[in-house]
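Before any comments, here is the structure.
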Amino acid sequence: MKKAIPALVVFAVFLLFWQYAADAGWVSPILLPSPLAVCRYLFDAGRDGILFSALGVTLGRLLVGYILGALGGLLLGFILYASPLARNTLGLAALGLQTLPSVCWAPMAILWFGQTEGAMYFVVVMGSLWSIAISVETAIRAVPDIYLRAARVMGSSGQHVWRTVVFPAALPQILGGAKQGWAFAWRSLMAAEIYVAIIRRFGIGQLLHFGRELNAMDQVVGVMVVIVIVGLLVDRAIFLPVDKYLRRTRGK
Amino acid sequence: MTILEMTGVEKRFPGPKGGEPVIALRGLSLAIGEGEYVCILGKSGCGKSTLLSIAAGLEKPDAGRVVCRGETVTGPDRHRMLMFQDAALFPWLDVLDNVLYGLTFVEGLTRREKLARAEDNLAMVGLSDFQRFRIHELSGGMRQRAALARALAPDPDILLIDEPFSALDAMTREQLYADIQRIWKETGKTILMVTHNVREAVCLGERVLILSTPGEVAANEPVNLPHPRSMNDPNLTLVAAHISTFLQG
């Protein structure tokens, strides 16, 4: 908690200054709304339910897309590890595609899937799959040989070694990859939601997009705040505890 | 009765790019009797670790054969336990679960019997109070004790030990010398241990096999001192000095 106090003070000073700048008319409210205006938007959007229903849609998409991407990445990672042929072909492709900004998948997604949920999932999967696959492969390769030798001496072999040694030994690095994959998935989904319009089910990316079309800067900034908070919350609520657990049990 | 017999064992490794292959073992033969404590002594690079890997079945010899209790060794199994230079305990398990892992493939034991056996072995190495500790919370000496308990728990025919004390400080080492002699007496286990430390070999082994470079048995020296021995025994120093001459020559 001690660490929270300086952060709170700094943010409070920043917001006060911003509010003052807006009130004094230093910047046009069309270009930059005041913090109070943003809060008002968030409050209104929260009260009439738009914000929460959009957030629900977005998080649902993220969950499905990320799970698909993570499972696919895990599988592809194993394949890259096990097959030199796959490593020299698919592995190279994965390395390249990992660097492709995920918004680049959006045009293809629309042409293939139309304006559907499938297009959303496709962009998220493509955004996260490759980096997760590469992390998984690296993680397995980094498992110290001595653990495998110890396990074999004790009579373990085949899938038992995988289940009881390779996987747990590689777990910290795999989780590192999963965390990176999550960041990619989140970015991809925002890109997809801004790019792919689905009229009946809109997520917070679309909310951001509508804000721009309506020239409603309070909405734009408000949604950006929500996006940042979701990212922070997932990191703190899911990845940080896992990290802490691993550090406590393994001392690294 | 002979527990482990190696006859004419050869092992080569591919040399550095295009160079001559490196010979690790050249027609090595040895026999270890039941209940014996034999130390293999050699300079680094003389193929000591390779010898243990082959005895454990982790590596296949290029020529020759390894027979354990009358059966040719074709692969690793829990009847020949290998203890590694760094303990090779699994950091994702606690101490007790590490020992239990060694019992996974022991047939005919209930879950409860396995637990009892793991606890007994941890008690024998003096780690009863550390069962639920994580590996990173143990000192180097405690790690080797835990590894010893893990290797002993499945009741192997022979314990193969690869320089287990080389990374430890002198005081911890002397305590472990005493402990391992006691455990050897208590359990009657057959032990084959590899080391580059002459005094350590003389302190622990009933006989010392000296390995030349590249790996052949150059000498077989019995150590006729009563156990338990202490590193500070002057007689031990005399034997060690005598054996050192083989290594220099």
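The values are calculated or read from the model by the stated rules, or taken from the named source; none is laboratory data. Worth saying up front: this structure is predicted, and the values here are computed from it rather than measured. Neighbour counts run over all protein chains shown; Cβ positions are idealised from the backbone, glycine included. All accessible areas refer to the heavy atoms of the entire protein, side chains included, with ligands and DNA or RNA removed. Shrake-Rupley method; radii C 1.70, N 1.55, O 1.52, S 1.80 Å.
Of all the criteria given as (1) open to solvent by 10 Å² or more (accessible area, probe 1.4 Å); (2) free of Cβ contacts under 8 Å to residues at least 40 places away in the same chain; (3) within 15 Å of the chain's Cα centre (by Cα), the one not satisfied by B:Phe165 is (1). Go through the stretch B:194-232 and count every residue that is in a loop (DSSP other than H, G, I, E, B) and free of Cβ contacts under 8 Å to residues at least 24 places away in the same chain. Qualifying residue count for the region: 5. Of everything listed in (1) modelled with pLDDT of 95 or more; (2) touching a Lys or Arg at 6+ places or on another chain (Cβ under 9 Å); (3) within 12 Å of another protein chain (Cβ to nearest Cβ), the single unmet condition for B:Ala118 is (3).
The residues listed here are B:Ala201, B:Ala241, B:Ala178; of these, the one that is under 30 Å from B:Pro154 (Cα atoms), surrounded by fewer than 16 Cβ atoms within 10 Å (Cβ to Cβ) and among the aliphatic types (A, V, I, L, M) is B:Ala178. Against the condition in contact with a Ser or Thr (Cβ under 9 Å, 6 or more places away or on another chain) and at positive phi, how does B:Asp155 come out, does it pass? In short, yes. Quick check, is B:Gly141 open to solvent by less than 40 Å² (accessible area, probe 1.4 Å) and in contact with a Cys (Cβ under 8 Å, 6 or more places away or on another chain)? No, not satisfied. Remark: B:Asn235 matches the filter, which requires a residue to be assigned to a helix (DSSP H, G or I), open to solvent by 70 Å² or more (accessible area, probe 1.4 Å) and either touching a residue at least 40 places away in the same chain (Cβ under 8 Å) or among the polar types (S, T, N, Q) (or both).
Among what's in the stretch B:8-66 and is within 14 Å of another protein chain (Cβ to nearest Cβ) and closer than 14 Å to B:Gly215 by Cβ, pick the residue that is farthest from the chain's Cα centre (by Cα). Among them, the one singled out is B:Glu59. Can you name every residue in the stretch B:89-102 that is within 9 Å of another protein chain (Cβ to nearest Cβ) and not aliphatic (A, V, I, L, M)? Correct list: B:Phe90, B:Pro91, B:Trp92, B:Asp94, B:Tyr101, B:Gly102. Of everything in the stretch B:76-88 that is more than 18 Å from B:Gly215 (Cβ to Cβ) and more than 8 Å from every other protein chain (Cβ to nearest Cβ), the residue that is most open to solvent (accessible area, probe 1.4 Å) is B:His79.
The stretch A:116-221 holds helices (runs of 4 or more DSSP H) entirely within its bounds, and those carrying 2 or more residues that are in contact (Cβ under 8 Å) with a residue 60 or more places away in the chain and surrounded by fewer than 21 Cβ atoms within 10 Å (Cβ to Cβ) map to A:117-141, A:167-195. Would it be correct to say that B:Glu5 is open to solvent by 40 Å² or more (accessible area, probe 1.4 Å) and away from chain A (no Cβ under 14 Å)? So B:Glu5 passes the test. Every condition in (1) crowded, with 22+ Cβ neighbours inside 10 Å; (2) hydrophobic (A, V, I, L, M, F, W, C); (3) closer than 30 Å to B:Leu238 by Cβ holds for B:Ala219 except the one numbered (1).
Given the conditions (1) crowded, with 22+ Cβ neighbours inside 10 Å; (2) within 21 Å of B:Ile158 (Cβ to Cβ); (3) of a type in the set (A, V, I, L, M, F, W, C), report the number of the one that B:Met124 does not fulfil. Failed condition: (1). Give the number of residues within the stretch A:148-203 that are within 19 Å of A:Leu55 (Cβ to Cβ) and of a type in the set (A, V, I, L, M, F, W, C). Within the stretch A:148-203, residues that are within 19 Å of A:Leu55 (Cβ to Cβ) and of a type in the set (A, V, I, L, M, F, W, C) number 14. Assess whether A:Leu68 counts as being open to solvent by less than 40 Å² (accessible area, probe 1.4 Å) and either in a helix (DSSP H, G or I) or modelled with pLDDT of 95 or more (or both). No: the conditions fail for A:Leu68. In the set (1) in contact with a helix residue (DSSP H, G or I) (Cβ under 7 Å, 6 or more places away or on another chain); (2) open to solvent by 40 Å² or more (accessible area, probe 1.4 Å), the condition left unmet by B:Arg65 is number (1). With respect to the conditions (1) within 23 Å of the chain's Cα centre (by Cα); (2) within 14 Å of another protein chain (Cβ to nearest Cβ); (3) surrounded by 15 or more Cβ atoms within 10 Å (Cβ to Cβ), B:Phe105 lacks only one, and its number is (3).
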